[in-house]
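First up is the structure itself, then whatever we jot down about it.
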Amino acid sequence: MQNTLIQMTALMLCGAGWRLFSLQGLSADQTRLALTSVVYYVFLPAMVLEVLWKADIGWQSLQYSALGCATIMLGILCSWLLAKLLRYKKPQTGAMILAAAFPNVTYLGLPVLEQAFGSWSRSVVIQIDLFATAPLVFTVGIAVARYYGTRQDEKPKSLFGFFNTPPFWAAFLAVLFNLNQVPFPIWLDGLLQKMSGAVAPLMIFSLGLALSWTAIRPRNLPYILPVVGLRLLFLPWAALYIADVVQLQGQFKAAAVLDLAMPSMVLGVVFCDRYGLDSALYATAVTITTALSLLSLPFWFGVL
């Protein structure tokens, strides 16, 4: 795990370096948008198709879904209660709930788990993302952002917008081929493997581009402590016991719980900007939880 995190940190620092120097006149945000768009529309669907076509889909998929959904909903409940107790204002409450409840299961979880457990763990990440995290992000997550946001004139998108995305359609085809035992063409297998290999490094580099130390402001620090405690400590601990309830065991339990122990997801800053939440607070949460995850992830890996 230590070697894995050293590699991940070095690649993230490359992205952070681009943010500092804006090479070739391209800003970090422009570069990140280009890279994440290519990953989202081309390389990630290729990986989803490759992994789920060959995955063992069945009862274990429901276990991943139950574990992910239960952990995220627990995070929403606990962060909401803390915000009520501490009397946060609505923009800070919404940002805190999103930062505490939703982990970065794909952009950081995928490369970390693949290095720590092997290529088989990609199936765990993709199933947790597509069957738990992404549906909740684009339904409950958007609902939270709209309720606590200050932009009341923002027209809501359909709560089912998740189902019209490239990764979902790739997953739909892959599951369809898998359940009908459609043979996997050798030429397509080689092509998808090459495309899948680009996902992890591009994701880590993009995460480095998204980190902004200038967003860390003293006024945001009192809000960050509850996020750190929930996201990096309490929710992974809770996921350990939820995994036992859904009867997920062995290396599959270890990989799934570690994926749910990831820091705050980067996508939430888009919701904050769009719906009028505290974007600076959210950016601070992403940066600090990502930095501290270099300590928390080895701890949970050792526990698991």
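Derivation of every value follows stated rules applied to the coordinates shown; laboratory data play no part. Treat the numbers as computed from the prediction; the structure is a model and nothing was measured. Please note: Cβ atoms are built from the backbone with ideal geometry, for glycine as well, and neighbour counts cover all protein chains shown.
Before moving on, here are some points about what is shown:
- Relative packing of peptides 124-134, 63-73 - highest average C-beta neighbours within 10 Å first: 124-134, 63-73
- When the chain is treated as a GNM with alpha-carbon contacts under 10 Å, the residue of Pro111, Pro185, Pro236 showing the greatest mean-square fluctuation is Pro185.
- Cα-centre dipole for the chain with unit charges at Cβ (Lys and Arg positive, Asp and Glu negative), debye to 20: 860
- Simple spin-label estimate for Leu77 and Asn180 in nanometres, 7 Å along Cα-Cβ: 4.0
- Take 41-51, 98-108 and order them by the average number of nearby Cβ atoms within 10 Å per residue, most first; the result is 98-108, 41-51.
- For the peptides 254-263, 175-184, the ranking by mean Cβ contacts within 10 Å, running from highest to lowest, is 254-263, 175-184.
- Karplus-derived 3J(HN,Hα) values for the stretch 271-276, using 6.51 cos²θ - 1.76 cosθ + 1.60 with θ = phi - 60°, are 5, 4, 5, 6, 9, x Hz; glycine and proline are entered as x.
- Ellipticity estimate at 222 nm from DSSP helix runs (n ≥ 4, -39,500 (n - 2.57)) divided over the chain, nearest 500: -21500 deg cm²/dmol
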